[in-house]
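See below for the structure under consideration.
The values are calculated or read from the model by the stated rules, or taken from the named source; none is laboratory data. Everything numeric in this text was worked out from a predicted model, so none of it was measured. Positions of Cβ are backbone-derived with ideal geometry, glycine not excepted, and every protein chain shown enters the neighbour counts. Please note that ligands, DNA and RNA were not included when accessible areas were found on the heavy atoms of the full protein model with its side chains. Shrake-Rupley method; radii C 1.70, N 1.55, O 1.52, S 1.80 Å.
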Amino acid sequence: MKRIAVYCGSNKGTRAAYAGAAENLGRQLAKRGIELVYGGGCVGLMGVLADAVLQNGGHVIGVIPEKLVIKEVVHEKLPDLRVVKNMHERKALIAELSDGFIALPGGYGTCEEFCEVLAWSQLGYHQKPFGLLDVAGFYRPLLQFFDHAVAEGFIRAAHRELVLVEEDAGKLLRRLETFQPPTEVKWIR
């Protein structure tokens with residue numbers, strides 16, 4: 001894996017564990033020589049993550065829409081900042097640049113972006129791995145929803161297996177690096 005996209009909150013959340021996990025993930029990426037691709041912000045977990053990668057000698061690619069640059073949430077110390085017109089271009093470019101995807105805790109945007117690239121995989125647009133860094137059980141309700149959707153016949157069990165979940169960043173990165181799609185996955189073409 002050369003690059004991993006990380007989706008995460010533009011806030012830090014209520015628990016110190018969230019920022020700690022973002023910082024640890026940033027260190028782990030830099031240590032492994034994996035470049036970070038993310039939304040280009042300097043605030044919340046986004047800023048913590050990018051700063052940790054940079055402080056540990058890693059490379060960061062930020063992709064941010066013009067509107068957010070104007071609102072001054074752009075991380076100005078990035079070695080590679082790509083400004084796009086809108087969120088649709090941002091999501092497409094992040095997906096194109098990345099070899100895999102991780103979601104740290106976050107809100108609507110984090111969930112939407114992660115689920116969108118997951119759906120793209122289900123539709124056969126790519127076969128890149130996905131991981132949820134389940135800090136302090138943050139993603140348990142979402143995982144319960146995924147399991148419920150499988151039980152109700154809306155998600156195939158093999159597609160549910162595409163979502164790798166770990167509480168530890170190092171373990172999650174190892175699983176992404178060695179990911180092989182389940183043989184029972186039938187890519188929709």
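Given the protein chains as shown and a 1.4 Å probe, how many square angstrom of residue 175 are accessible, to the nearest 10?
Surface open to solvent at residue 175 totals about 90 Å².
Find the relative contact order for the chain and round it to a whole percent, using C-alpha pairs within less than 8 Å whose residues are 6+ positions apart.
Over the chain, the number comes to 22 percent.
Work out, step by step, the length gained on full extension between residue 140 and residue 168: first 0.36 nm times the residue separation, then minus their alpha carbon distance; give nm to one decimal.
Numbers: separation 28, 0.36 × 28 = 10.08 nm, distance 1.48 nm.
Here the answer is 8.6 nm.
Round to the nearest 10 and give me the degree value, 0 to 90, for the angle of helix 16-32's Cα axis relative to the longest principal axis of the chain.
90
Number of Lys pairs in region 62-189 with C-alpha atoms less than 18 angstrom apart, excluding same-chain neighbours closer than eight positions? List each step's numbers first, then the result.
On the way: 67/85; 67/91; 71/85; 91/128; 128/171; 128/186.
The result is 6.
Between 164, 4, 45, whose Cα lies farthest towards the positive end of the dipole of the chain when Lys and Arg beta carbons carry +1 and Asp and Glu beta carbons carry -1, centred on the Cα centre?
So the residue we want is 4.
Rounded to the nearest 10 degrees, what's the angle between the helix 44-55 long axis and the longest principal axis of the chain, both from Cα atoms, 0 to 90?
Between helix and principal axis, roughly 70 degrees.
In nanometres, what is the gap between the two model label sites at residue 161 and residue 127, each 7 Å from Cα along Cα-to-Cβ?
Each label point is offset 7 Å from its Cα along the Cβ direction, giving 1.4 nm.
To the nearest 10 degrees, how steeply does helix 140-151 sit against the main Cα axis of the chain, on a 0 to 90 scale?
30
Let me know the charge dipole size of the chain about its Cα centre in debye, to the nearest 20, where only the beta-carbon of Lys, Arg (+1) and Asp, Glu (-1) is charged.
Here the chain has a charge dipole of around 200 debye.
Roughly how many whole Å is it from the C-alpha centroid of region 1-53 to that of region 79-144?
13
Rank 27, 174, 160 by mean-square fluctuation in a GNM of the chain with C-alpha springs under 10 angstrom and give only the top-ranked residue.
Highest fluctuation of the listed residues: 174.
Quick one: work out the % antiparallel among DSSP beta bridges in region 1-116, nearest 5. Mind dumping the intermediate values first?
Numbers: 1 of 15 bridges.
Roughly 5 percent of the DSSP beta bridges within region 1-116 come out antiparallel.
Just check the chain against the gyration tensor rule for me: Cα atoms, a ≥ b ≥ c as the square roots of the eigenvalues, rounded for a/c under 1.5, and otherwise prolate or oblate depending on whether a/b exceeds b/c.
Details: a/c = 1.59, a/b = 1.44, b/c = 1.10.
Judged from the Cα gyration tensor, the chain comes out prolate (a/c at least 1.5, a/b above b/c).
State the extension gain, in nm to one decimal, for the chain segment bounded by residue 178 and residue 86, taking 0.36 nm per residue of separation less the distance between their alpha-carbons.
That pair, residue 178 and residue 86, stretches by 29.8 nm at full extension.
Solvent-accessible area of residue 70, probe 1.4 Å, all protein chains present, reported in Å² to the nearest ten, please.
It works out to around 130 Å².
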